[in-house]
Structure formats: structure tokens, C-alpha cells
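The values are calculated or read from the model by the stated rules, or taken from the named source; none is laboratory data. Because the structure is a prediction, the values reported are computed rather than measured. All Cβ positions, even for glycine, are placed from backbone atoms using ideal geometry, and neighbour counts span all protein chains on display.
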Amino acid sequence: MAASAATTSRPPLARRLLGRHPVGYLFVAPYVVFLVAIFAYPLGFAVYMSFHDYFFAAPGAIVERPFVGLDNFTTALADPVFRRAMLNVVIFIAINVPLTVFVGLVLATALNAAIPFRTFFRASYFIPYVTASVAVIGVWLWLFNSDGLVNAILGPLAPEPSWLVNSSWAMPIIALFATWKQLGLYVLLYLAALQNIPEELYEAAEVDGAGPVRRFTAVTVPGVRPTTTLVVIAATITGANFFTEPYLLTGRGGPAGASVSPVLLIYTQGIEQGKAGYAAAIGILLALGVMAVSLVNRYVLERS
Amino acid sequence: MATATQPQPAEVLDEQATPIAPPSRRSRRRLWPLLGLTVGALVFLFPFYYMVIGALQREPNSGISGAFPNPANLTLDNLRDIDQAINLPRTLLNSGIFTGGALLTTLVFGLLAGYALARLEFRGKGMVFNAMLLILLLPFQLLMVPLYVMIVRGYLLGDTYLGMILPYAVNATAVFIFRQFFLQLPKELFESARLDGASELRILTRIAIPLAKPAILTAVIVTFIGPWNEFLWPFLVTKRLDLQPLAVALANFISNVAARQANPFGAILAGAVVLAVPAVVLFLVFQRRFQATNLGSAIKG
């Protein structure tokens, strides 16, 4: 009796070591290989490159790539172009986040009311999100060109030089473009969050004498806070990653580097000029910045 | 509420117009959201309308009158121009192979991984899942230079479909969607099949996958728009025009050759329409699949 209880309570060794379904290893193996080869190993490689004078050489040539310590990082931090790129990320976030949160929440609130053509509105906000940046940049180029439609409507109010070649407007236009392109996603996320706020909270607030504005600030805003955290983090990541916009919309970060982005810098330095170690250091500084902003956000916005 | 003593006129008015007044009040309450939503829809849709209008103009008209269709100024020549510049069938085929390859590997490996992470118990499963979450927080651009050094310069996969597809081989959002779906299925389904002696692969292919059609469709749509719209990575990998996906060829056209064309915007916009249509149509047909929950996990990682 006792012996049989002991054998049933102790599964075979292989099962104890590997779990009930060792075949699971076979199933996840391709994905694990992918994660290691495409993410984990290149991450380690990026760190290695950033501490070395890693440059491109002819294939097969044996070259020395000496350890240079923090040189790549200090060079980047002292480089005015890198600083401008980081400032542009800040400008991007400063325009993108408030606009996304405000317009996204307003449109989601309107969609949440009982209104006709809801599916149509939902779909129309989402279409820019599913369309290739390259395609919509083609239209924006035409719209904001010096003799484009926007200037034709503005007439004498049009900025001189025109939007995309104006050093104070190039970066805001990029931020505006990215906000427009991504907003539909956040409208959907806010809509889902709004639908999760219990109706009783609004009723209770109304009984307590809260007007529409007070109900919005006291019930809606805290109710969608997790989504707002998500918006801020996602906007930071987008802000750190934008490349196609300065490459195409403002002609390689123009005018005169006014809209250069960190990733554009990684591309020109690391791939065009072959200074891979320097580019890797820029990438790591950028990733550290994004992580810091995300952590601060989580802490500040999720504290309550 | 303070004017509780003087509501008579309004009440009387309401009584007199009972059939009309309540709807009018309701519609007034609806009017503001509807107006806001309409303005929003215009802002979002106008560039697409303008893209099509511009693609069809014989003489580019960027003035206010150019925003309205003009039958005297219509042409399909722009499509011919962009086709001569970047070979539309070829670049579309390249986009199709790049996207199709990423879809195929995502479905095969993603279903296997999603099933294992949801329904199988093995030591280290939690670690795989956590590693997946952690690694997804990494911006792809941080890995751009090492991946380029490895794939293009190390393995010499520049100007190959394989080199394009590799970083997109398994879409993490798809793995998430599959895992979530398989977790929702009743446990008894799998246990009774196991009691009958079915292998896990057989359970996956005969029971789980046939049930997972909605999840697969969602994953296909979410995975499709990634590679189809992607510019940076295939741009780094492909230098040969005959291997470039449409997004890359069109971007190169915009930044290099556009200045030489008689009507550069017409050709650019015609190319933009061709690039945009497949993703937009796919979205419109299956738009109910774009649910906030799936997309939320896409951003969270």
C-alpha cells in the first residue's frame, strides 16, 4: 500500500526533469532558435561592437578591431548631430503624446456614444495605420510641397520657406504625420478602455452632482489611465525609432539636419559610412533612454 | 435644478410636441459627437482621396481646384510611368514573396510555439515565455546594425529573399494570439484526445488548428501588414532593383528619380495607390478582426 503510493506520487525521472510533455521542446525549438539568432545574439553583438572600433572591411580581410572602452559613447554624446537627433526625439514626443492622448480620447468618447455609422468611423480612423508609410508620405509630400494644396489654402499665411524645407517646421510636421498615422490604433484602445468603465461610476458621479466635465476628469480619465501609460510608452518607442519620415518626407533629415533622427544617424554612420561600432553605441544609448522613460512612466502613471 | 419652479413653459412645449421633442433633444445630444467624428474622418480619409485624385491627373494640379475630380484631366498614364520606372509586377511579386514567406514561417513555427506555450508542460516553459516578453521590448532598430553585419556581410544574404525574411520569420504578435486562443479552449478536449493515444502533433493538426481558424485569420492580417509595409530592413538588404519589394522601390524612386519625371507626383501617387490598396482592402474586408485586445498585445510586445 505504502509502496504503491510512493511510486504513484513519484513520476519517472525524465518526467521530473523535463516536465509532462518533453515534446514541447521540439515545438518551441524553432521559435527559441529564432529568438536567440535574431534578438539575443545580435543584442550581445551590439554591446560588443559598441566597445570596439568596429568598422566594415573587405570580405575575408583580417583586420584588427581594437577595444576602445567608452570612446564610441563619449564621441556620440559630444557630437552635435547626435544631440540634435536626441532633441528631435524629445520634440517628437512633446507633440505626439499630448495630441494622441487628447484627440484619441475625444474621438473614442464620441465613438462610445450611440451614434450612426460607427463602423465607418472606426474603419476610417484605422486606415492610415494599416497603410505603408512610404505610400502616405507620397501624399504628404504633395500636400506640404511649396506649391502644394496646404499652401494654396493658406495663401499668404503659408510659411516661408515651405513646411518640409523649413527648419522650424520640418520636425513638427514629422510628429504630426506620425500622430495622424498611428492615432486610429489609440482610438481603438481608448474605446476598449472606455467600454470597461462601469456605468455605475458615471451614475454615482451624477448623483453626487458632477457635471459632464467633472465626470470626464473624475471618472473617464482615471478609468483609461492604463491605456494612457501604454500610449506614452508606445509614443516613446515610435519616437526613438522613426526613420522613414526624415529619410523621405524631409529628404534625409533636412533641412540642414533639422529633422535628423537617431535611427537615420545609425543608418548613415553605421551602414553608409561603415562605422558599425559607433552606430551600435548610438543604438544602445537610445535603448537605454527608451527604457528609462518607460520605467519612469510606469512609476508615475501607475502609482495611483 | 435651481430653476425647479419655472419649468412650466418647457414642459408645456414638450407636451405639445411630444412626438418631435424627445428625438430632437436626443439628436442634439448626438450632433456634437457626430460632428467631431465627421471632421476626424475627413482628416483621416482626405489624404487617401487626394492620393487617388493625384494619381489620375494628367497635368498635376496642386491648387484648390485640383482637389476635385476633373474629367478633362484624367489619365492612367501615371501608372504606366511608375511601371516603367520600377517594374510594378516584379516589385509586387517581391513584396508578395517577402510577405508570403514571413506569413508561412510565422504560421508554422508560431502555431507550434503557441500550442506548446499554452497546452504543454515542460521545464523552462516559463523562461521561454518571459524571454519572449523581454526580448520584444527591444527596439528592432537597436539590432539593425548587428543584424546587417550578420545577415548581409556575414552570411552574404544581401539581395536574397531569405535575408529579407529572416528577421520577420516569426511574428511575436501571432505567437501571442495563438497562445491566447489555445488557452481558451476547454482542457477536456486535449485530455480526451491524449487518453485516446493521439500524439501532440496529431492533436495540434487535427483538433487545435481546425478550431483556431479565427485566430489564424487574425494572425495572418496582423502579420501581413508588417512585411508588406516595411521599408527599412528590405531597403538595407536589397540593392538590386529586381529584388526590391514595392515599398523599397517606390521609396528609392521618390528620393532619387522623381526630379527627372515630367509629373513626378502623378507617378509617385500611382505607385502609392498600388502599394496601399492590398493592405487597405484586406483591412476593410476583415476589419472586425482588428480587435483592441490583439493590437494591445502587439504594442505591449
Qualifying helices (runs of 4 or more DSSP H) (wholly inside segment A:61-163; at least 1 residues being within 9 Å of chain B (Cβ to nearest Cβ)): A:80-112, A:118-130, A:133-144, A:149-154
Given (1) touching a Lys or Arg at 6+ places or on another chain (Cβ under 9 Å); (2) farther than 20 Å from A:Y48 by Cβ, number of the condition A:Y299 does not satisfy: (1)
Members of segment B:157-173 found to be of a type in the set (A, V, I, L, M) and modelled with pLDDT of 90 or more, listed by number: B:L157, B:L162, B:M164, B:I165, B:L166, B:A169, B:V170
Residue count, segment B:141-158 (criterion: touching a helix residue (DSSP H, G or I) at 6+ places or on another chain (Cβ under 7 Å) and either among the aromatic types (F, W, Y) or within 7 Å of another protein chain (Cβ to nearest Cβ) (or both)): 10
Leading residue by the ranking (surrounded by the most Cβ atoms within 10 Å (Cβ to Cβ)) among those in segment B:35-76 that are more than 7 Å from chain A (Cβ to nearest Cβ) and of a type in the set (S, T, N, Q): B:Q57
Test result for B:Y161, in contact with a Gly (Cβ under 7 Å, 6 or more places away or on another chain), surrounded by 18 or more Cβ atoms within 10 Å (Cβ to Cβ), more than 30 Å from A:P12 (Cβ to Cβ) and more than 12 Å from chain A (Cβ to nearest Cβ): yes
Boolean, B:V170 is over 25 Å from the mean Cα position of the chain (by Cα), buried (at least 18 other Cβ atoms within 10 Å of the Cβ), of a type in the set (V, I, T) and within 10 Å of chain A (Cβ to nearest Cβ): no
Condition met for B:N256 (in a helix (DSSP H, G or I), surrounded by fewer than 14 Cβ atoms within 10 Å (Cβ to Cβ), out of contact with any Cys (no Cβ under 8 Å at 6 or more places or on another chain) and at pLDDT 60 or above): yes
Qualifying residue in segment A:24-38 (condition: within 23 Å of the chain's Cα centre (by Cα), assigned to a helix (DSSP H, G or I) and closer than 17 Å to A:G283 by Cα): yes
Check on B:T91, of a type in the set (S, T, N, Q), at the interface with chain A (Cβ under 9 Å from one of its Cβ atoms), surrounded by 15 or more Cβ atoms within 10 Å (Cβ to Cβ) and touching a residue at least 40 places away in the same chain (Cβ under 8 Å): no
